[in-house]
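Just so it is clear, none of the values below were taken in a lab; they were calculated from the coordinates. Source: prediction; values computed, not measured. Note that we place each Cβ from the backbone using ideal geometry, even for glycine, and neighbour counts take in every protein chain shown.
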Amino acid sequence: MRFSRLPEGAGGASASAGAAAPTGARPPAGGTRAKRGFNNANFRTVFQVVNAGQLQAFDDGDRVDLHALAARGLVRPRGGPVKILAGGRLTRKLTVTAHAFSATAEKKILAAGGRVQRL
């Protein structure tokens, strides 16, 4: 017995009649739009972030600089500028050297008796 339509399989009755055009072959839904104006994304500064609580790994009186942070694995050696944020608790008296500090992180370091130095 011969079927006019195949019952199943790739060419059968349940197969799709035609697939939608691939993504690259059809025009964008919103049409093409020219980029206008200034965009600062190419010039922004991306910081490596260290929380104040992570500085607890150092001993009282230590100097915490980029080399010390890299040695502990908290930042990458050539990963860009470092910013200290205020997350966590800090009770150690440290001298912290970094490119930038959040206002709250700076207060925490100073409240613990430490010093802040900007590069």
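Under a 5 Å amide H cut-off, with hydrogens placed 1.01 Å from N, GLY88 pairs with GLY53 among residues at least 5 apart or on other chains. Computed as a quarter of the hull surface, the mean projected area of the alpha carbon convex hull for the range 45-118 stands at 4.1 nm².
Sequence-ordered 3J(HN,Hα) estimates for the range 95-104 from the Karplus curve with 6.51, -1.76 and 1.60 and θ = phi - 60° stand at 9, 9, 10, 7, 6, 8, 9, 6, 4, 5 Hz, glycine and proline given as x. A crude spin-label estimate for the pair GLN56 and HIS99, with each label 7 Å from Cα along the Cβ direction, gives 2.7 nm.
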